[in-house]
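S.K.: Next up is a structure, given as C-alpha coordinates.
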Amino acid sequence: MKLKNFDNYLVLRLEKNEEIIATLRVALQRVKIEGAFFYGLGVGKELELGYFDAQHKSYVRKEFHDEYEFTSLVGNVSMVDGELVIHCHVAITDAAFNAFGGHLFKGTVPATLEIIILPFTSPLTRFHDNTTGLNLLEL
(Lines give C-alpha, C1' and ligand atoms only; values in the text may rest on other atoms or scores of the structure.)
Protein backbone atom coordinates (compact mmCIF):
# COMPACT_ATOMS: atom_id res chain seq x y z
CA MET A 1 0.00 0.00 0.00
CA LYS A 2 1.14 3.50 -0.84
CA LEU A 3 -0.68 6.51 0.63
CA LYS A 4 -0.15 10.17 -0.20
CA ASN A 5 -1.89 13.06 1.56
CA PHE A 6 -2.84 16.14 -0.47
CA ASP A 7 -4.52 19.33 0.78
CA ASN A 8 -8.14 18.12 0.73
CA TYR A 9 -7.89 14.45 -0.25
CA LEU A 10 -5.69 11.36 -0.15
CA VAL A 11 -4.57 8.97 -2.87
CA LEU A 12 -4.20 5.30 -1.97
CA ARG A 13 -2.58 2.74 -4.25
CA LEU A 14 -3.09 -0.89 -3.36
CA GLU A 15 -0.50 -3.30 -4.65
CA LYS A 16 -0.48 -6.87 -5.89
CA ASN A 17 -2.00 -9.45 -3.49
CA GLU A 18 -3.39 -6.91 -1.01
CA GLU A 19 -6.92 -7.50 0.25
CA ILE A 20 -9.02 -4.49 -0.77
CA ILE A 21 -11.30 -3.76 2.21
CA ALA A 22 -8.70 -4.71 4.85
CA THR A 23 -6.00 -2.53 3.25
CA LEU A 24 -8.38 0.40 2.87
CA ARG A 25 -9.31 0.02 6.56
CA VAL A 26 -5.63 0.08 7.63
CA ALA A 27 -5.00 3.22 5.54
CA LEU A 28 -8.04 5.01 7.00
CA GLN A 29 -7.09 4.08 10.56
CA ARG A 30 -3.50 5.20 9.97
CA VAL A 31 -4.64 8.74 9.07
CA LYS A 32 -7.53 8.70 11.57
CA ILE A 33 -10.36 9.19 9.06
CA GLU A 34 -13.82 8.43 10.48
CA GLY A 35 -15.92 9.93 7.69
CA ALA A 36 -15.24 10.10 3.95
CA PHE A 37 -16.34 9.25 0.47
CA PHE A 38 -14.03 7.45 -1.96
CA TYR A 39 -13.83 6.24 -5.53
CA GLY A 40 -11.35 4.17 -7.48
CA LEU A 41 -10.26 2.21 -10.52
CA GLY A 42 -8.16 -0.89 -11.03
CA VAL A 43 -8.32 -4.66 -11.14
CA GLY A 44 -9.62 -7.24 -8.66
CA LYS A 45 -9.87 -11.02 -8.26
CA GLU A 46 -11.38 -13.46 -5.77
CA LEU A 47 -14.19 -10.93 -5.32
CA GLU A 48 -17.27 -11.41 -3.18
CA LEU A 49 -20.18 -9.17 -4.15
CA GLY A 50 -23.59 -8.83 -2.61
CA TYR A 51 -27.10 -7.69 -3.39
CA PHE A 52 -29.26 -6.53 -0.46
CA ASP A 53 -32.62 -8.30 -0.48
CA ALA A 54 -34.86 -5.71 1.23
CA GLN A 55 -37.71 -8.17 1.76
CA HIS A 56 -35.53 -10.63 3.69
CA LYS A 57 -33.23 -7.91 5.17
CA SER A 58 -30.11 -9.82 4.17
CA TYR A 59 -27.45 -9.95 1.48
CA VAL A 60 -27.37 -12.48 -1.33
CA ARG A 61 -23.67 -13.10 -1.99
CA LYS A 62 -21.81 -14.29 -5.06
CA GLU A 63 -18.11 -15.02 -5.62
CA PHE A 64 -16.18 -13.99 -8.74
CA HIS A 65 -12.86 -15.85 -8.92
CA ASP A 66 -11.26 -14.60 -12.14
CA GLU A 67 -9.68 -11.18 -12.72
CA TYR A 68 -12.12 -8.32 -13.26
CA GLU A 69 -11.71 -4.70 -14.25
CA PHE A 70 -13.27 -2.21 -11.83
CA THR A 71 -15.16 0.15 -14.12
CA SER A 72 -16.43 1.85 -10.98
CA LEU A 73 -15.59 1.57 -7.29
CA VAL A 74 -17.37 3.98 -4.94
CA GLY A 75 -18.15 4.09 -1.26
CA ASN A 76 -18.16 5.83 2.04
CA VAL A 77 -16.53 5.54 5.43
CA SER A 78 -18.46 5.88 8.66
CA MET A 79 -18.57 4.78 12.29
CA VAL A 80 -21.00 2.40 14.03
CA ASP A 81 -20.60 1.99 17.78
CA GLY A 82 -16.96 3.10 17.59
CA GLU A 83 -16.11 0.73 14.73
CA LEU A 84 -14.99 1.85 11.27
CA VAL A 85 -17.42 0.79 8.52
CA ILE A 86 -16.44 0.71 4.85
CA HIS A 87 -19.45 0.66 2.53
CA CYS A 88 -18.24 -0.06 -1.01
CA HIS A 89 -20.04 -0.76 -4.28
CA VAL A 90 -18.42 -1.83 -7.53
CA ALA A 91 -19.15 -2.38 -11.19
CA ILE A 92 -16.85 -5.00 -12.72
CA THR A 93 -16.27 -6.41 -16.20
CA ASP A 94 -14.78 -9.72 -17.26
CA ALA A 95 -12.61 -10.58 -20.28
CA ALA A 96 -15.73 -10.97 -22.45
CA PHE A 97 -16.91 -7.48 -21.37
CA ASN A 98 -19.80 -8.83 -19.30
CA ALA A 99 -20.66 -6.47 -16.45
CA PHE A 100 -21.62 -7.28 -12.86
CA GLY A 101 -22.07 -5.12 -9.79
CA GLY A 102 -22.94 -4.97 -6.14
CA HIS A 103 -21.69 -4.41 -2.61
CA LEU A 104 -18.00 -5.39 -2.31
CA PHE A 105 -17.41 -7.63 0.72
CA LYS A 106 -13.89 -8.70 -0.18
CA GLY A 107 -11.38 -9.09 -2.96
CA THR A 108 -7.69 -9.16 -3.80
CA VAL A 109 -5.65 -6.91 -6.08
CA PRO A 110 -3.86 -8.84 -8.88
CA ALA A 111 -2.08 -5.75 -10.28
CA THR A 112 -3.10 -2.35 -8.87
CA LEU A 113 -6.05 -0.42 -7.49
CA GLU A 114 -6.07 3.37 -7.14
CA ILE A 115 -8.46 5.05 -4.70
CA ILE A 116 -9.12 8.75 -4.07
CA ILE A 117 -10.35 9.44 -0.51
CA LEU A 118 -12.31 12.63 0.23
CA PRO A 119 -12.30 12.95 4.04
CA PHE A 120 -14.83 14.86 6.12
CA THR A 121 -13.82 17.17 8.97
CA SER A 122 -15.93 15.20 11.45
CA PRO A 123 -17.03 11.55 11.77
CA LEU A 124 -19.87 10.18 9.70
CA THR A 125 -22.01 7.92 11.89
CA ARG A 126 -24.62 5.22 11.38
CA PHE A 127 -27.42 3.73 13.48
CA HIS A 128 -29.22 0.41 13.16
CA ASP A 129 -32.68 0.75 11.62
CA ASN A 130 -34.99 -2.15 12.50
CA THR A 131 -37.40 -1.37 9.66
CA THR A 132 -34.83 -1.91 6.91
CA GLY A 133 -32.34 -4.09 8.79
CA LEU A 134 -29.56 -1.73 7.69
CA ASN A 135 -27.15 0.63 9.44
CA LEU A 136 -28.33 3.99 8.09
CA LEU A 137 -26.41 7.28 8.04
CA GLU A 138 -27.22 9.66 10.86
CA LEU A 139 -27.87 13.05 9.32
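The values are calculated or read from the model by the stated rules, or taken from the named source; none is laboratory data. Everything quoted here is computed from the prediction, not taken from an experiment. Heads up, the Cβs are rebuilt from the backbone with ideal geometry, glycines too, and the neighbour counts pull from every protein chain shown.
S.K.: Would you mind finding the one in VAL60, VAL90, VAL85 that is closer than 26 Å to ASP129 by Cα, modelled with pLDDT of 95 or more and touching a His at 6+ places or on another chain (Cβ under 9 Å)?
M.R.: When all the criteria are applied, what remains is VAL90.
S.K.: Take region 46-93 and flag every residue that is among the charged types (D, E, K, R) and surrounded by 15 or more Cβ atoms within 10 Å (Cβ to Cβ).
M.R.: Listed by number, the residues that qualify are GLU46, GLU48, GLU67, GLU69.
S.K.: Another question, if that's okay. Scan region 21-36 residue by residue and report those that are of a type in the set (A, V, I, L, M, F, W, C), within 24 Å of ALA111 (Cα to Cα) and surrounded by fewer than 17 Cβ atoms within 10 Å (Cβ to Cβ).
M.R.: Selection gives ILE21, ALA22, VAL26.
S.K.: With the requirement that a residue be buried (at least 16 other Cβ atoms within 10 Å of the Cβ) and either touching a helix residue (DSSP H, G or I) at 6+ places or on another chain (Cβ under 9 Å) or more than 19 Å from MET79 (Cβ to Cβ) (or both), what does region 117-132 give you?
M.R.: Correct list: ILE117, PRO119.
S.K.: What pairs come out if I take residues in region 19-43 that are closer than 15 Å to LEU113 by Cβ and pair them with residues that are at pLDDT 95 or above and in a helix (DSSP H, G or I) whose C-beta lies under 8 Å away, six or more apart or interchain?
M.R.: Pairs that qualify, where the first residue is closer than 15 Å to LEU113 by Cβ and the partner is at pLDDT 95 or above and in a helix (DSSP H, G or I), are PHE38/LEU24.
S.K.: Just one of LEU49, LEU73 is farther than 17 Å from VAL11 by Cα, modelled with pLDDT of 95 or more and of a type outside the set (Gly, Ala, Ser); which is it?
M.R.: Exactly one of LEU49, LEU73 is farther than 17 Å from VAL11 by Cα, modelled with pLDDT of 95 or more and of a type outside the set (Gly, Ala, Ser), namely LEU49.
S.K.: With respect to GLY107, determine if the residue is in contact with a Ser or Thr (Cβ under 7 Å, 6 or more places away or on another chain), under 19 Å from LEU12 (Cβ atoms) and surrounded by 14 or more Cβ atoms within 10 Å (Cβ to Cβ).
M.R.: So GLY107 fails the test.
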